[in-house]
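Notes follow the structure.
The values are calculated or read from the model by the stated rules, or taken from the named source; none is laboratory data. Predicted, not measured: the structure shown is a model, and the values here were computed from it. As a convention, Cβ positions derive from the backbone with ideal geometry for all residues, glycine included, and neighbour counts pool all protein chains shown. To get the accessible areas, we keep the full protein, side chains included, count just its heavy atoms, and leave off ligands, DNA and RNA. Shrake-Rupley method; radii C 1.70, N 1.55, O 1.52, S 1.80 Å.
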Amino acid sequence: MAKGEGAESGSAAGLLPTGILQAGERPAQVKKEPKKKKQLSICNKLCYAVGGAPYQVTGCALGFFLQIYLLDVAQVNPFPASIILFVGRAWDAFTDPLVGFCISKSSWTRLGRLMPWIIFSTPLAIITYFLIWFVPDFPQGQELWYLLFYCLFETLVTCFHVPYSALTMFISTEQSERDSATAYRMTVEVLGTVLGTAIQGQIVGQANAPCLQYLNGSAVASESANRTYSITSLRETQNAYLLAAGVIASIYVICAVILTLGVREQREPYETQQAEPMSFFRGLRQVMSHGPYIKLIAGFLFTSLAFMLVEGNFALFCTYTLGFRNEFQNLLLAIMLSATFTIPIWQWFLTRFGKKTAVYVGISSAVPFLILVALMESNLIVTYVVAIAAGISVAAAFLLPWSMLPDVIDDFHLKQPHAHGTEPIFFSFYVFFTKFASGVSLGISTLSLDFAGYKTRGCSQPASVKFTLKMLVTMAPIVLILLGLLLFKLYPIDEEKRRQNKKALQALRDEASSSGYSDTDSTELASIL
């Protein structure tokens, strides 16, 4: 039974003012002890953390490889490819608040309020994910095929990820427990990006699509392309993408099963005393008027955009600007392995020095390495060093947003104690703004490549394309990071504020756990009096 359900009702006499009862009629007051807090075990935290891997594994594969897949494997022209990427991301962003609205209307079941969404969306999500990486035989309408299944998959993965993100607030009522579980989650999520990068990159990297030389605007197969055709055909490259999709889909299913078997939702004690959940639109108005939330998502909007811009163009940047056509998957792996190993370090850092300090130090550490990439000549050893160093900043960008968002929700609950069921709104709209802006940026970056003269499946690209890629991967992210850090100066929840909120919330929980009556009891008593 969920925490808080089944609390015994106290006697009506115990609620009467002492002046109403005669001295001999006063019942003995029995002080109820607050329930002992149930600590999360390491097994619980690991099962919860594993649930974050499916979103990251699939998101990493799509983020790093979908653009180059559409352009060089499916042979979609740059303009329709940019439409697919933009509309898919924009639709993905739109589905977050839509799913959040539906979740807020969901009732509690034996599995909880969030778990049914995770369970029923999983099988459909893996089918649509597989079809994204399938090249249909009909040449006409390929763009519609990719747009349809990309949007369907993003809808279904949203039905998994929004309730999973909101689950952070229901695995425990303790800030320290949630922070610890979030650190586990971020470690597994970064490990998920490593798996996505390794599986997609290494399988696909063994079957590179043959490139074409362009002479006077027309494509002709070069001698190297002819040799490539003798080793692997374009069809084999397409099959490699399908194999990678099948492996990733299997990981998705396994992680979803572990999550549903190893995690149980808990309800806040004071939430069970609320007669009726707040309406979605009223909750949305209150959430969007909460100052710390707006400042947090504004800061992370720009910093997330910076890293997503690098993610979306990194494969093309390594292939054409740096000239490492056969190394970009290994460079991605170096970044993600570095990020995985440094997540625990950032968890210790934010515990020791505070989350705002961790934001400034962690995210700003990417700037010098991006400047180095912009200024240096193509050098493989230096590029690997920069990739490993950049992974340290990527770890901070993964951990900190999800570690700080529960603090904002706690602050909101103190200021709006009767606004229950708003957690999906917080998480879904945070993801909405990030995804929508990233869709705009990715669509614009693909269009920029089109205007710069990008050659589909070209063995090399014009100097204008190489320069555009360098700007998209270095200078644009630097500007976005600096803007995001400036906005974080306005974020009001520091460590002192967090401690105050923790004490106030704990007092509220203890009072709710020890009280022996519900809202219905007090209403009936008022009518009797």
Notebook entry, point to check: In the stretch 382-391, is there at least one residue being open to solvent by 50 Å² or more (accessible area, probe 1.4 Å), over 30 Å from GLU177 (Cβ atoms) and without any contact (Cβ under 8 Å) to a residue 24 or more places away in the chain?
Noted result: yes
Next item on the list: Go through VAL386, VAL394 for me and flag whichever is more than 18 Å from LEU305 (Cα to Cα), part of a helix (DSSP H, G or I), in the same structural domain as LEU480 (by the TED database) and at pLDDT below 85.
Entry: VAL386
Note to self: Within the stretch 410-490, considering only helices (runs of 4 or more DSSP H) that don't extend past its boundaries, which have at least 1 residues that are out of contact with any Ser or Thr (no Cβ under 7 Å at 6 or more places or on another chain), of a type in the set (Gly, Ala, Ser) and within 27 Å of GLN56 (Cβ to Cβ)?
What the structure shows: 423-452, 476-488
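So that you can scan it fast, the table gives a plain yes or no per residue for (1) farther than 27 Å from PHE467 by Cβ; (2) touching a helix residue (DSSP H, G or I) at 6+ places or on another chain (Cβ under 8 Å):
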residue: ILE381; (1), (2): no, no
residue: ALA389; (1), (2): no, yes
residue: LEU399; (1), (2): yes, yes
residue: MET404; (1), (2): yes, yes
residue: PHE412; (1), (2): yes, yes
residue: GLN416; (1), (2): yes, yes
Margin query: I'm trying to understand the selection: among the residues of the stretch 45-76, which are open to solvent by 40 Å² or more (accessible area, probe 1.4 Å) and modelled with pLDDT of 85 or more?
Written below: LEU46, TYR55
Margin query: If I go through the stretch 244-290 residue by residue, how many of them are modelled with pLDDT under 90, loosely packed, with under 15 Cβ neighbours inside 10 Å and in a helix (DSSP H, G or I)?
Written below: 5
Margin query: Suppose we filter LEU487, LEU469, LEU480 for residues that are at pLDDT 75 or above, over 30 Å from MET404 (Cβ atoms) and surrounded by 15 or more Cβ atoms within 10 Å (Cβ to Cβ); which single one remains?
Written below: LEU469
Margin query: Can you go through PRO406, PRO417 and tell me which one is within 24 Å of the chain's Cα centre (by Cα), surrounded by fewer than 21 Cβ atoms within 10 Å (Cβ to Cβ) and within 30 Å of PHE281 (Cα to Cα)?
Written below: PRO406
Note to self: If I ask for residues that are of a type in the set (Gly, Ala, Ser) and under 25 Å from the mean Cα position of the chain (by Cα), which ones from the stretch 446-503 would you list?
What the structure shows: ALA476, GLY484
Margin query: Which numbered condition in (1) assigned to a helix (DSSP H, G or I); (2) open to solvent by 40 Å² or more (accessible area, probe 1.4 Å) is the only one that ASN326 fails?
Written below: (1)
Check: Just checking, which of PHE349, PHE307 is in contact with a Gly (Cβ under 9 Å, 6 or more places away or on another chain) and open to solvent by 20 Å² or more (accessible area, probe 1.4 Å)?
Finding: PHE349
Checklist line | Pick from the stretch 141-169, criterion in contact with a Leu (Cβ under 7 Å, 6 or more places away or on another chain) and over 19 Å from GLY443 (Cβ atoms), ranking: surrounded by the most Cβ atoms within 10 Å (Cβ to Cβ) | finding: PRO163
Checklist line | Failed condition for LEU144, given (1) among the aliphatic types (A, V, I, L, M); (2) part of a helix (DSSP H, G or I); (3) touching a Phe, Trp or Tyr at 6+ places or on another chain (Cβ under 8 Å) | finding: (3)
Next item on the list: Report yes if some residue within the stretch 111-120 is assigned by the TED database to the domain that holds LEU46, at pLDDT below 80, open to solvent by less than 50 Å² (accessible area, probe 1.4 Å) and more than 20 Å from LEU259 (Cβ to Cβ); otherwise report no.
Entry: no
Checklist line | Lone unmet requirement of (1) small (Gly, Ala, Ser); (2) closer than 17 Å to LEU167 by Cβ; (3) buried (at least 18 other Cβ atoms within 10 Å of the Cβ) for SER107 | finding: (3)
Margin query: Can you say whether ALA125 is hydrophobic (A, V, I, L, M, F, W, C), at pLDDT below 90 and over 20 Å from LEU234 (Cβ atoms), as far as the supplied structure shows?
Written below: no
Notebook entry, point to check: Which residues, taken from the stretch 420-449, are open to solvent by 20 Å² or more (accessible area, probe 1.4 Å), among the β-branched types (Val, Ile, Thr) and closer than 18 Å to ASP96 by Cα?
Noted result: VAL440
Next item on the list: Could you give me the residue pairs with C-beta distances under 6 Å whose first residue belongs to the stretch 126-142 and is in contact (Cβ under 8 Å) with a residue 40 or more places away in the chain, whose second residue is crowded, with 18+ Cβ neighbours inside 10 Å and in a loop (DSSP other than H, G, I, E, B) wherever it lies, and which are 6+ apart or on separate chains?
Entry: VAL135/ALA74
Item checked: the stretch 77-100, subset open to solvent by 60 Å² or more (accessible area, probe 1.4 Å), more than 11 Å from LYS435 (Cα to Cα) and part of a helix (DSSP H, G or I), residue modelled with the lowest pLDDT -> LEU98
